[in-house]
Amino acid sequence: MSGQNQAGLVLGQETGAELGEPPRRPRRWGLGAGRWLLPAYCALALAFLLVPIVYTIAFSFNDSVRTNIAWRGFTLDNWLNVCDEPGVCEAFGNSLLIGVVATGIATVLGTMIALALARYRFRFRSGTNLLLFLPMATPEVVIGAGLAAQFLTAGVPKGIGTIIVAHAMFCLSFVVVTVKARVASLDPALEDAGRDLYGSPGQVFWRVTFPLLLPGILAAALLSFSLSFDDFIITYFNSGPVNTLPTYIYTAATRGIPAEANVLSSAVFLLAIAVVLIGQVGAQARRKRLGIATR
Amino acid sequence: MALPAFAGASAPATGRGGAARRSGRVALLLLLPGIAYLLLFFLAPLLSLVMTSLQSPSETVFGQYDFTFNWANYLQVVGQYGEQIGRSFLYALLATVFALLFSYPLAYFLGVNLRGRPILQSLLLVLVVAPFFISFLLRTAAWKQILSDEGLVVSTLKALALLGPQDHLTGTPIAVVFGLTYNFIPFMCLPLFTTLERLDLRVVEAGRDLYGGPFTTFRTVTLPLSMPGIVSGTLLTFIPAAGDYVNASSQFLGGTSSTMVGNVIQSNFLVQLNYPAAAALSILLMATILVIVGVYVRRSGTEDLL
């Protein structure tokens with residue numbers, strides 16, 4: 001609790017320092033209750049958000065026999081022999097493959113659009129913006145049914161290919177939004193400097209612009225991969241006989257989801273959290289370094 | 001691929017003069033592949049959905065459909081599935097309101113109270129988005145187990161007589177709305193956080209200095225300033241929630257009395273192979289959502305969502 005009081009103090013100092021004003025007038029004691037009420041609520045809220053995650057990870061260690069519903073004791077067996085459960089590793093592999101390819105397509109196409117939108121004025125600008133916004137405002141079930149109807153009319157058999165096409169489509173808009181923000185925050189003076197130093201347009205792009213955009217592009221690719229990896233609704237409409245991890249889980253839910261699905265999802269979860277934490281710590285360290293440099 | 005094309009694009013900036021046409025060509029080259037992709041795999045499918053929605057069963061071949069401008073499909077699905085359509089929007093609305101009430105204090109704490117402590121802030125933010133990293137279906141399945149009749153929640157509620165001895169949680173509308181709310185909380189929280197993180201506290205302070213009580217200051221200063229976050233958060237929750245069919249499906253949290261339009265579209269398309277009905281429902285769903293979103297965005301006065 002004292003930590004939160006400290007946070008309040010830091011906050012008070014911050015605003016006070018910014019304004020160069022005398023410290024805040026003392027709060028009424030009624031707000032003293034508010035001071036710990038909010039942090040306490042947030043602790044509970046965050047705990048609530050984590051409940052099903054903890055449940056899923058815990059049950060990946062369950063010594064389950066047929067169904068993974070009741071707790072029967074701790075075992076590492078599910079983790080050590082994940083692929084013993086038929087179909088689950090194949091579905092996982094498909095999910096990885098689809099995620100990587102769809103992310104590749106969406107990232108390349110989306111980055112190009114983001115560059116065009118941020119750097120050029122052209123006639124169909126608002127139309128382009130609308131076309132990029134609409135997929136994000138359309139319910140997945142409509143996108144899924146639409147693509148499935150189109151594949152049906154065109155006589156395209158459903159499979160990994162159709163899933164990749166669908167995933168790259170809905171990831172594209174998210175890539176554009178993410179990368180566009182990065183392009184907009186780019187300092188044009190850096191590119192000017194590159195040109196002043198007689199860099200050819202190609203050199204300026206690959207040695208100045210692209211490295212500066214890279215964090216944004218990587219963030220977009222990560223977002224795109226996680227959207228693709230976890231997508232169920234659109235996938236289910238366009239998967240045909242192929243299973244991804246989500247469609248496998250959905251089908252298995254009728255008879256009981258095997259613990260091996262929990263194992264694979266938990267492993268991905270822990271990996272993703274590690275990546276995000278490392279990224280956050282890295283960004284924090286960089287900010288600190290830059291902060292010192294500018295001071 | 002066409003990134004080298006952009007390399008050429010930097011040239012106009014150096015030679016400013018008459019390079020406008022060339023830069024236009026570069027912009028086109030950059031846009032074309034992605035836009036073509038969206039036209040082909042987003043817009044064309046929507047059109048083929050419209051076409052499919054106007055088909056009627058073929059008179060010659062069983063199981064085939066012919067295009068006949070059969071507008072009656074729309075009337076038929078509204079008559080047949082009106083209940084599920086209404087329910088979807090009601091559930092989505094409830095889930096959006098609950099998610100907003102749940103997320104606002106959390107986002108406020110992260111964005112305002114923790115401003116001076118960036119490390120704690122980013123760690124807690126990771127916890128907020130943590131559900132993104134584990135399968136949506138497994139999370140929902142986990143809730144199904146937790147809320148099941150043998151689970152702790154039901155037995156506690158029964159012991160407190162809040163739930164009758166014959167009552168269930170899973171399979172009821174309560175469970176579906178609960179699942180929708182839970183699953184979309186991160187979508188609500190993140191935009192709220194980004195808005196509140198930039199909230200200018202000096203304005204709030206000014207409200208206090210003008211003798212506004214905490215409630216008045218919140219209502220007249222903080223809340224209007226957080227509107228952009230509220231609008232994007234509610235849209236990011238409402239739209240997917242209205243079309244969701246995982247929470248409401250009977251393998252997960254739903255039952256027969258809580259079927260949503262997504263379930264109907266899915267079963268018509270993938271099980272009954274009644275493509276025209278599924279397509280008509282999809283078009284109705286999308287049109288209704290676009291109208292609701294349009295009115296909402298206009299009324300809330302934040303039109304710069306793009």
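The values are calculated or read from the model by the stated rules, or taken from the named source; none is laboratory data. The structure displayed is predicted, hence computed values, not measured ones. Don't worry about glycine lacking a Cβ; one is built from the backbone with ideal geometry, like all the others, and counts go over all protein chains shown.
Checking the structure you have, find out if any residue of the range A:241-261 is at pLDDT 85 or above and in contact with a strand residue (DSSP E or B) (Cβ under 8 Å, 6 or more places away or on another chain). So far as the range A:241-261 goes, yes, one or more of its residues are at pLDDT 85 or above and in contact with a strand residue (DSSP E or B) (Cβ under 8 Å, 6 or more places away or on another chain).
Scanning the range A:141-164 for residues that are under 23 Å from the mean Cα position of the chain (by Cα) and crowded, with 23+ Cβ neighbours inside 10 Å yields a total of 5. Take the residues of the range A:235-251 that are facing another protein chain (nearest Cβ under 9 Å) and hydrophobic (A, V, I, L, M, F, W, C): which is nearest to the chain's Cα centre (by Cα)? Among those residues, the one meeting the criterion is A:245.
If only one of B:161, B:142 is more than 10 Å from every other protein chain (Cβ to nearest Cβ) and either of a type outside the set (Ser, Thr, Tyr) or over 30 Å from residue A:262 (Cβ atoms) (or both), which one is it?
Sole residue among the options that is more than 10 Å from every other protein chain (Cβ to nearest Cβ) and either of a type outside the set (Ser, Thr, Tyr) or over 30 Å from residue A:262 (Cβ atoms) (or both): B:161.
Just so you know, in the range B:103-155 the residues that are touching a Ser or Thr at 6+ places or on another chain (Cβ under 7 Å) and in a loop (DSSP other than H, G, I, E, B) include one that is surrounded by the fewest Cβ atoms within 10 Å (Cβ to Cβ), and it is B:148.
Checking A:140, A:85 one by one, the residue that is at pLDDT 90 or above and acidic (Asp, Glu) is A:140 and no other. Check whether at least one residue in the range B:244-260 is facing chain A (nearest Cβ under 9 Å) and part of a helix (DSSP H, G or I), and report yes or no. Among the residues of the range B:244-260, not one is facing chain A (nearest Cβ under 9 Å) and part of a helix (DSSP H, G or I), which makes the answer no.
Yes/no per residue for (1) facing another protein chain (nearest Cβ under 9 Å); (2) more than 18 Å from residue B:33 (Cα to Cα):
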{"residue": "A:147", "(1), (2)": "yes, yes"}
{"residue": "A:157", "(1), (2)": "no, yes"}
{"residue": "A:165", "(1), (2)": "yes, no"}
{"residue": "A:168", "(1), (2)": "yes, no"}
{"residue": "A:173", "(1), (2)": "yes, no"}
{"residue": "A:187", "(1), (2)": "no, yes"}
{"residue": "A:196", "(1), (2)": "no, yes"}
{"residue": "A:207", "(1), (2)": "no, yes"}
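In the set (1) at the interface with another protein chain (Cβ under 9 Å from one of its Cβ atoms); (2) surrounded by 20 or more Cβ atoms within 10 Å (Cβ to Cβ); (3) under 24 Å from residue A:174 (Cβ atoms), the condition left unmet by residue A:271 is number (2).
Would you check if there is a residue in the range A:89-109 being in contact with a Gly (Cβ under 8 Å, 6 or more places away or on another chain), closer than 30 Å to residue A:161 by Cβ and either more than 9 Å from every other protein chain (Cβ to nearest Cβ) or modelled with pLDDT of 95 or more (or both)?
yes
Looking at residue B:253, is it crowded, with 16+ Cβ neighbours inside 10 Å, over 25 Å from residue B:76 (Cβ atoms) and touching a residue at least 24 places away in the same chain (Cβ under 8 Å)? Considered against the rule, which asks whether it is crowded, with 16+ Cβ neighbours inside 10 Å, over 25 Å from residue B:76 (Cβ atoms) and touching a residue at least 24 places away in the same chain (Cβ under 8 Å), residue B:253 comes out as yes. Scanning the range A:118-129 for residues that are assigned to a helix (DSSP H, G or I), of a type outside the set (Val, Ile, Thr) and at the interface with chain B (Cβ under 8 Å from one of its Cβ atoms) returns A:119, A:129. Quick one: how many residues across the range A:59-100 are surrounded by 18 or more Cβ atoms within 10 Å (Cβ to Cβ) and within 30 Å of residue B:29 (Cα to Cα)? So the count comes out to 2. Look at residue A:232 and say whether it is within 10 Å of chain B (Cβ to nearest Cβ), closer than 18 Å to residue B:244 by Cα, of a type outside the set (D, E, K, R) and in contact with a Pro (Cβ under 8 Å, 6 or more places away or on another chain). Against the criterion (within 10 Å of chain B (Cβ to nearest Cβ), closer than 18 Å to residue B:244 by Cα, of a type outside the set (D, E, K, R) and in contact with a Pro (Cβ under 8 Å, 6 or more places away or on another chain)), residue A:232 qualifies.
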